[in-house]
Amino acid sequence: MPLARIDLVKGKSAEYRHTIGDVLYDAMINTLNVPKDDRFQIITEHADSDFAADATYLGVHRTRDCVIIQVTLNQGRTLEVKKAFYKAVADGLHARLGLRREDVFISLVEVAKENWSFGNGEAQYA
């Protein structure tokens with residue numbers, strides 16, 4: 001049920017981008033209790049001039065390697081679960097790609113279950 005949008009500056013290899021998706025998917029399964037085979041991801045590269053991530057907002061020092069991840073998912077997870085998810089993604093990207101934890105920006109968008117259609121014009125979760 002989650003839909004992940006992953007945005008980054010152009011220039012990374014297909015393998016690098018695919019690894020971001022793998023890490024994100026693994027963290028969803030292990031912390032958010034997402035079922036296996038529930039992988040919907042859109043990875044988009046942007047020209048440097050079309051990608052803005054403030055370099056110091058809230059005292060976090062970001063570089064041009066910053067990755068912005070937005071996940072739309074069903075509402076209802078606890079703060080502890082969300083924190084575990086953020087940490088799993090940042091730690092996983094650091095371990096697998098050497099990406100600085102400071103360069104991992106995550107936004108969760110929670111929606112009610114009836115706001116999904118997975119095909120056939122049906123609201124499968126309603």
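The values are calculated or read from the model by the stated rules, or taken from the named source; none is laboratory data. This one's a predicted model, so the numbers in the text were calculated from it and none came from an experiment. Quick reminder, even Gly has a Cβ in these numbers, built from the backbone with ideal geometry, and neighbours come from all protein chains shown.
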Check: Out of the residues in region 93-124 that are within 12 Å of the chain's Cα centre (by Cα) and not hydroxyl-bearing (Ser, Thr, Tyr), which is farthest from Thr56 (Cα to Cα)?
Finding: Val109
Next item on the list: Looking for whichever is modelled with pLDDT of 95 or more, in a helix (DSSP H, G or I), of a type in the set (Phe, Trp, Tyr) and surrounded by 11 or more Cβ atoms within 10 Å (Cβ to Cβ) here; the options are Phe85, Phe105. Which one fits?
Entry: Phe85
Next item on the list: Specify the residue that is farthest from Tyr25 (Cα to Cα); the eligible residues are those in region 56-71 that are of a type outside the set (Lys, Arg) and either surrounded by 14 or more Cβ atoms within 10 Å (Cβ to Cβ) or at pLDDT below 95 (or both).
Entry: Val60
Notebook entry, point to check: Quick check: anything in region 112-119 part of a loop (DSSP other than H, G, I, E, B), touching a residue at least 12 places away in the same chain (Cβ under 8 Å), on the phi > 0 side of the Ramachandran plot and not charged (D, E, K, R)?
Noted result: no
Notebook entry, point to check: Can Leu58 be described as in a helix (DSSP H, G or I), hydrophobic (A, V, I, L, M, F, W, C) and on the phi > 0 side of the Ramachandran plot?
Noted result: yes
Check: Out of (1) surrounded by 12 or more Cβ atoms within 10 Å (Cβ to Cβ); (2) part of a helix (DSSP H, G or I), the odd one out for Ala95 is which?
Finding: (1)
Notebook entry, point to check: Could we say that Asn74 is under 16 Å from Tyr25 (Cα atoms) and polar (S, T, N, Q) here?
Noted result: yes
Next item on the list: Taking Ile20 as the residue in question, decide whether it is crowded, with 18+ Cβ neighbours inside 10 Å, touching a residue at least 24 places away in the same chain (Cβ under 8 Å) and not in a strand (DSSP E or B).
Entry: yes
Checklist line | Flag if Arg39 is at negative phi, touching a Phe, Trp or Tyr at 6+ places or on another chain (Cβ under 7 Å), part of a loop (DSSP other than H, G, I, E, B) and surrounded by fewer than 18 Cβ atoms within 10 Å (Cβ to Cβ) | finding: yes
Next item on the list: Would you mind finding the one in Met1, Met28 that is farther than 18 Å from Thr63 by Cβ and in a loop (DSSP other than H, G, I, E, B)?
Entry: Met1
Notebook entry, point to check: Could you say whether any residue in region 36-43 is of a type in the set (Lys, Arg) and either touching a residue at least 12 places away in the same chain (Cβ under 8 Å) or within 30 Å of Ala123 (Cα to Cα) (or both)?
Noted result: yes
